[in-house]
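Presented below is the structure to which this report refers.
Every number here is computed from the coordinates shown, using simple stated rules; none is lab data. These numbers come from a predicted model, not from an experiment. Please note: Cβ atoms are built from the backbone with ideal geometry, for glycine as well, and neighbour counts cover all protein chains shown.
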Amino acid sequence: MRLKLSLTAIALASLAVARPAAAGPALLFDATDGKILYAEEMDDQWHPASLTKIMTAYLAFKAIKSGKLRLDDKVNCSELAHKQPPSKIGLPIGGELTVELALQSLIVKSANDVAVMLAEKISGTELQFVADMNAAARELGMSRTTFSNANGLPAVGQVTTARDLAKLARAVATEFPEYAEYWSMTQMRIGKIRLASHNGLLKTFEGADGLKTGFICDSGFNVVASATRNGRRLMAVVLGEPSGGDRNIRAASLLEHGFQQLGWKQIFNQTTIDNLPLPAEVRGPISVRSTIQSWDCGNGKRNPAVEARRERIRAAKAKREKAKKAAAEKKSKQGGVKPGASLPASPSGTAPPKKPSAGETPPAAKSAGTAPAGGPAGTATP
């Protein structure tokens, strides 16, 4: 609770801070009736990244509801699924998961390979599944969204908007409340492997209960976040933040603002994500790669504390090496041999026997003795 209250305090403090000009789209709305509480460039097109997986999960939920799919059905890892880059589970070709575990790992771990596995299980091929995704988007009124794959990895023409993502998130929440637990999971297990959620708000914001994060270099750090307090559920869409921390703070700021101002906003506001007319101009998508604080995008920033620790480790290692070298030189001088020099060979071509030092057991005694108490070399004591 202390962590949750601390981020809430940060959110309140950040409400008064003006957003930078480079900030991406943002939208805050009531999940119950869709009323817009705050909007910023919500109809600009943006690359969805792993927020795409909300639609993948939505179609899986629909397939389960229709009887086409069951939670205890198995999904197989094809060659195409196996080749997907991280984030992933990493199953071998032919590996299996239940649909239930697949959905949880899709949401919690944001597994790219599992997204393809589900797509192939539901529609036969990922290509057909993408067609089904776009058909579902049209049905939900996501008029400025186009999907190109099932997991949100970079693809030409894959775009969405904050408003369209809001429509999708609201549909998931209202049509399939029985899966709310999946979106609020902070971790899960597959066998002995523990998988943690990328959604830091679930642990740091009071009332947070979902939904999904996403990141690629061109779109930045994105999230569709939800929180519930006193029976009211709000959702925030935040796109294009330069880091995961900035994403969390901005989403928390929007949600906290909504909870603080909800009363009077609900009285005077009748604008919803469905009834507000679209602007005629279609803007975007743009790339925010140059602003992203990530080594993957070529803009990583060194952490001074981490660098100081690394320097201490390097200095300690150098000190140990110096001491080791000095000890070796001292030992060599005591034996009358210069460091790096070799002993002359005996007339027979073999090296002369080494004279045992004080306390050392002669070779003959060693061979006649018994093995150490720990057992023969290379074995462990029970």
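The table below lists the values:
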item	result
Cβ-placed point charges (K, R +1; D, E -1), dipole of region 2-297 about Cα centre in debye, nearest 20	600
Per-pair calculated FRET efficiency, R0 = 51 Å: K330 and R189 via Cβ, rounded to 0.05	0.40
Placed amide H near R233: partners under 5 Å, 5+ positions off or other chain	A31, T32
Vicinal HN-Hα couplings computed from phi for region 181-198 (Karplus, 6.51 cos²θ - 1.76 cosθ + 1.60; Hz; Gly/Pro x)	4, 4, 6, 9, 5, 8, 7, 7, 10, 10, x, 8, 8, 9, 10, 9, 6, 7
Residues whose placed amide H lies under 5 Å from that of V288, excluding near-sequence neighbours	S219, G220
Approximate spin-label separation Q261-A131, in nm, with each point projected 7 Å along Cα-to-Cβ	4.6
Sorted by Cβ neighbour density within 10 Å, fewest at the top, the residues L165, L97, L195	L195, L97, L165
Exposure proxy ranking, count of Cβ atoms within 10 Å, fewest first, for D113, D209, D30, D296	D296, D209, D30, D113
Burial ordering of M188, M133, M55, M235, fewest other beta-carbon atoms within 10 Å first	M188, M133, M235, M55
Note, ³J(HN,Hα) from phi for region 288-295, Karplus 6.51, -1.76, 1.60, rounded to Hz, x at Gly and Pro	10, 3, 5, 9, 7, 8, 8, 5
